[in-house]
Structure formats: C-alpha cells, structure tokens
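Asker: Quick one: this structure, given as structure tokens, is what I'll be asking you about.
No lab work stands behind these numbers, since they all come straight from the coordinates. Just so we're clear, the structure is a prediction, and the values are computed from it rather than from any experiment. Please note: Cβ atoms are built from the backbone with ideal geometry, for glycine as well, and neighbour counts cover all protein chains shown.
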C-alpha cells in the first residue's frame, strides 16, 4: 500500500511539474494575458481540469514567479556567502548573475512581459517577487556601491540588456536572429556585457 501511494505521489508531482513547465514557457512567450487555461493544458498534454486543480492560470502564474524568485534569492544568498570580502564585489556578482540568468531565460522573459503591462490586475507582484531580489543584491554590493547614481544607472542598463536578450536574442542584419538559447549567442552576449561593465562601471 505504501509503495502504491508513493508511486501515485510521484506521478502527481511529475504531472504538476509538467504543467508548471508548460505554463512557464507560455507565460514567457505570450505573457499572462495571452495565455489561456486550455493552452496550458494542451502544452502539458493534460486535460483542463488538471490545470485547474494545479492552481489554474492565475495560481500557476504566481507559482512560476514565486519559484523564480526563490531561485534568484538562493543564488544571491550563495553569492553573499562565497564572494570574499576583499573581492571586486561588482564583477563577482555580475559574473554570477550572468551565469544564473542565462540559464533562466524564461523567468526573465516573463518579467519583460510584465514590464509591458502584462497581468496588470495583479498589483503586488513587484513587492512580493522582484523587490526582495534587488534588496539582496544591494546588500551584497554594499551601500558605497549601491547608492552611487552611476551604478544605479548601470544596474538598470544591465537589467534591460538581460531582459531584451531573453526575449529577442541577438538580431542580425539581413538574417534570422541568434536565439537566446544558442550557445554562440550566449557567449557573444556574455562577452559584450563584460565589456559594458568594464567601460561603464563607476571609478
């Protein structure tokens, strides 16, 4: 009986993970407003009722953002523990941030959709899932860096570039864009962002 219950539990978890992944992918591509419960069900290969049982469109949207928020916080908490006190904090943090976000492009794309007034009826998302991440990064850098107006502008530019890359990749004249998942595109983007940081960082 216990073995049967364990198999059923694992099956339910696998089904939820499949629904969650399908919802995340659709929210990244189409936004919350452009995604329906039926689309999530079709993408996950389940019936509509299973999506409703997993939280429905609204519940899944919040859970996708909550999981992405938790993963970001865990990355920053590790950085806070592992970056030596005498290290170049800005460079060390930006390297880790690039590593993380290039592996979590869908999360970035969802926030880019949000910046274009997606899910506008949900007014608490930034307070719950975005602002605490920013506050953690500020604590790692220290007030001497984070309060610098030039750094604040660089921080914004860095975020805009990441979000744009997650959605558009690297457009090429006269041909298709390099997709953000393309290893070559990621290498080019990383190289450019490193140079951008070196050129624009406050001295």
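Asker: Kindly state, to the nearest 0.05, the FRET efficiency for residue 80 paired with residue 49, given R0 = 45 Å and r defined as their beta-carbon distance.
Answerer: Working: r = 43 Å, r/R0 = 0.95.
So, using R0 = 45 Å, E works out to roughly 0.55.
Asker: Do you know the relative contact order of the stretch 87-179, to the nearest whole percent, from alpha carbon pairs under 8 angstrom that are 6+ apart?
Answerer: Worked out over the stretch 87-179, it gives 35 percent.
Asker: To one decimal place, what orientation-averaged projected area in nm² is obtained for the convex hull of the Cα set of the stretch 77-175?
Answerer: Details: hull surface 32.2 nm².
The Cα convex hull of the stretch 77-175, projected and averaged over all directions, gives 8.0 nm².
Asker: Next question, about the same structure. Between helix 105-115 and the chain, what is the angle of the helix's C-alpha long axis to the longest principal axis, kept within 0 to 90° and rounded to the nearest 10?
Answerer: The angle comes out near 80 degrees.
Asker: If you average the sequence gap of Cα pairs under 8 Å that are 6 or more apart and divide by the length of the chain, what percent do you get for the contact order? Each step should come with its number before you reach the end.
Answerer: On the way: 153 pairs, mean separation 39.8, N = 203.
That works out to 20 percent.
Asker: Here's something else I'd like to know. Using only Cα atoms, tell me the angle between helix 183-200 and the longest principal axis of the chain; keep it within 0 to 90° and round to the nearest 10.
Answerer: That works out to roughly 40 degrees.
Asker: Taking the Cα centroid of the stretch 95-127 and of the stretch 155-203, what is the distance between the two, rounded to the nearest whole Å?
Answerer: A separation of 16 Å, based on Cα centres.
Asker: Helix 56-82: angle to the longest alpha-carbon principal axis of the chain, degrees 0 to 90, nearest 10?
Answerer: Its long axis makes an angle of about 40 degrees.
Asker: In Å, the Kirkwood hydrodynamic radius of the chain over pairs of distinct alpha carbons?
Answerer: Values: mean 1/r = 0.0533 Å⁻¹.
Computed over Cα pairs of the chain, the Kirkwood hydrodynamic radius comes out at 18.8 Å.
Asker: Ranked highest first by the average count of other Cβ atoms within 10 Å around their residues, in what order do 167-180, 66-79 fall? Before the final figure, lay out the partial values.
Answerer: Numbers: 167-180: 12.6, 66-79: 16.0.
Ranked from most to least packed, the peptides come out as 66-79, 167-180.
Asker: Does a label point 7 Å from the Cα of residue 66, set along Cα-to-beta-carbon, have any residues of the stretch 29-57 with amide nitrogen under 14 Å, and which are they?
Answerer: Only 54-57 fall inside the zone, counting backbone N under 14 Å.
Asker: So, R0 is 25 Å and r is the distance between the beta-carbons of residue 120 and residue 88; what FRET efficiency does that work out to, to 0.05? List each step's numbers first, then the result.
Answerer: On the way: r = 39 Å, r/R0 = 1.58.
Efficiency at R0 = 25 Å is approximately 0.05.
Asker: Based on the Cβ-Cβ distance from residue 179 to residue 42, what FRET efficiency comes out when R0 is 35 Å, to the nearest 0.05?
Answerer: Values: r = 23 Å, r/R0 = 0.66.
That pair, residue 179 with residue 42, gives E of 0.95.
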